[in-house]
Amino acid sequence: MKKSACVTLFLFLWISIFSMATTWEEPWQDQIMREADNFVLGKVLSIDSEKGMAIQIVKNLAGNRLPEQVQITHYYLLRYCSRSAHDDHELDWSKVDSCYFFLKKDEKGNMGISTPTSGYALVKDGYVYATYRHSFIKVPISPDIYEGTTIALFRHAHGLTYDQTYIKNFINESLHLPPASFEKKDLATASLQHIALECIFHLQLTDYNDQILPFLHNSKNPHNQISAARALTWYHSQPTQEALIGMIENKKNDTFIKVTCIWALAASKPIAYKETLLKLAKKAPEGPMSLGTDLSDPRGCTIIPSVRGALEKVIEQL
């Protein structure tokens, strides 16, 4: 079967399966923080199918101070791709105790979270299972680091000052160690490095080029290669552009890594490399990629473009 026919058949089957399920496009963490009004630590008090979920505010961490108890009634970034008669995607909140929430108030004064699978971070066994990029990747981290870094990211997303000394020290301490894998023995260090790289991206920091590059080239940890590429969005030097192009050219790298490098490269308007990008686009694969790893995952219609599509968009802007 020809390659184009295989891609068409795959997409047809993918769409057919999703058309029978409830699916949505999951937002990225920077959008969730920008659109939220509050970042809090809460405790689940009660759940009602009509009234929603009542939570006790344990800590008001960022945003206007909320009353002691609020009601969560809706999702503020839920954009369905398909709907099923049986929406069984809800988290079993009856088993949740403490949880961090990104909340947005509606016109009635009720609170919402972004989607059923995002806009919160569960606390379990002394760890926060935290999102810094997208809900498809969560890292276990201590509450103090989660609060310290996320308060800074939330405040920056809302145009406010944050504790720069804390962030600088955290990034330097995390990135001075050799790149770690996400294997169990290295998970604690890899999680810190993941968060540090994502902080550089979210806070648009420009003083860490030399610390970032080893993570970009560490093929043993693709998750942090992606975070490193995102962090390089704010670095527009020729060596940085060439490093990103090298990642795009590397046949061993998967679609997600390549597209993330293309997005980072686009921010620097790489006019000098237009011919190189044109050659890469002609040979690049065309099929888009779903971030869903499981056909039953309701976030499965979260799509990133093909390598060719991402390259062509950059070229159009040069």
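The values are calculated or read from the model by the stated rules, or taken from the named source; none is laboratory data. None of the values given here were measured: they were computed from a predicted structure. Counting neighbours? That spans all protein chains shown, and the Cβs are built from the backbone with ideal geometry, glycine included. Calculation scope for accessible area: heavy atoms of the full protein, side chains included, ligands and nucleic acids excluded. Shrake-Rupley method; radii C 1.70, N 1.55, O 1.52, S 1.80 Å.
Residue 299 sits with roughly 40 Å² accessible to a 1.4 Å probe, with DNA, RNA and ligands left out of the calculation. Using only Cα positions of the chain, each an equal point scatterer, no hydration layer, compute I(q)/I(0) via Debye at q = 0.09, 0.12 Å⁻¹ and quote the log10 values to two decimals. Treating every Cα as an identical point scatterer, log10 I(q)/I(0) equals -0.51, -0.90. Under a model in which nothing but the beta-carbon of Lys, Arg (+1) and Asp, Glu (-1) is charged, the chain shows a dipole of about 880 debye around its Cα centre. Note on region 199-291: Rg/Rh from C-alpha atoms, Kirkwood Rh, equals 0.94.
From the Cα gyration tensor of region 69-131, with a ≥ b ≥ c the square roots of its eigenvalues, which class applies: rounded if a/c is under 1.5, or else prolate if a/b is larger than b/c, or else oblate? In terms of gyration-tensor shape, oblate. Dipole magnitude for region 169-238: computed about the Cα centre from +1 point charges on Lys and Arg Cβ and -1 point charges on Asp and Glu Cβ, it is near 220 debye.
Computed extension length for residue 237-residue 283: 14.0 nm, one decimal, from 0.36 nm per residue of separation with the Cα-Cα distance subtracted. The fraction of accessible area contributed by carbon and sulfur in region 62-137 is 44 percent, rounded to a whole number (1.4 Å probe; ligands and nucleic acids excluded). Backbone amide hydrogens, once placed in the peptide plane, bring residue 70 within less than 5 Å of 55, 57, excluding anything fewer than 5 places away on its chain.
Treating r as the C-beta distance of residue 34 and residue 110 and R0 as 22 Å, the FRET efficiency rounds to 0.65.
Peptides 216-223, 34-41, ordered by how many other C-beta atoms sit within 10 Å of their residues on average, highest first, read 34-41, 216-223. Rounded if a/c is under 1.5, else prolate if a/b beats b/c, else oblate: with a ≥ b ≥ c from the C-alpha gyration tensor eigenvalues square-rooted, which is region 200-253? The shape class here is oblate. Only Cα pairs under 8 Å and 6+ residues apart enter the sum, and on that basis the relative contact order of the chain stands at 15 percent. Kirkwood-type hydrodynamic radius, region 117-192: 13.5 Å, calculated from all non-identical alpha-carbon pairs.
Subtracting the Cα-Cα distance of residue 183 and residue 64 from their residue separation scaled by 0.36 nm leaves 38.9 nm. Projecting the Cα positions of 255, 228, 101 onto the charge dipole of the chain (unit charges on Cβ atoms of Lys, Arg, Asp and Glu, taken about the Cα centre) puts 255 furthest along the positive direction.
Rounded, prolate or oblate for region 159-218? Axes are the square roots of the Cα gyration tensor eigenvalues, ordered a ≥ b ≥ c, and the cut-off for rounded is a/c under 1.5. In terms of gyration-tensor shape, prolate. A straight chain from residue 161 to residue 84 at 0.36 nm per residue would run longer than the Cα-Cα distance by 23.3 nm. Annotation: residue 61 carries an accessible surface of approximately 30 Å², with a 1.4 Å probe and no ligand, DNA or RNA atoms counted. Under the membrane-span-like helix rule (DSSP H runs whose alpha carbons stretch at least 15 Å along the helix axis, mean Kyte-Doolittle hydropathy 1.6 or higher), the chain yields 3-18, 255-266. Electrostatic tally near residue 171: other residues with Cβ closer than 11 Å to its Cβ, Lys and Arg +1, Asp and Glu -1, net -2.
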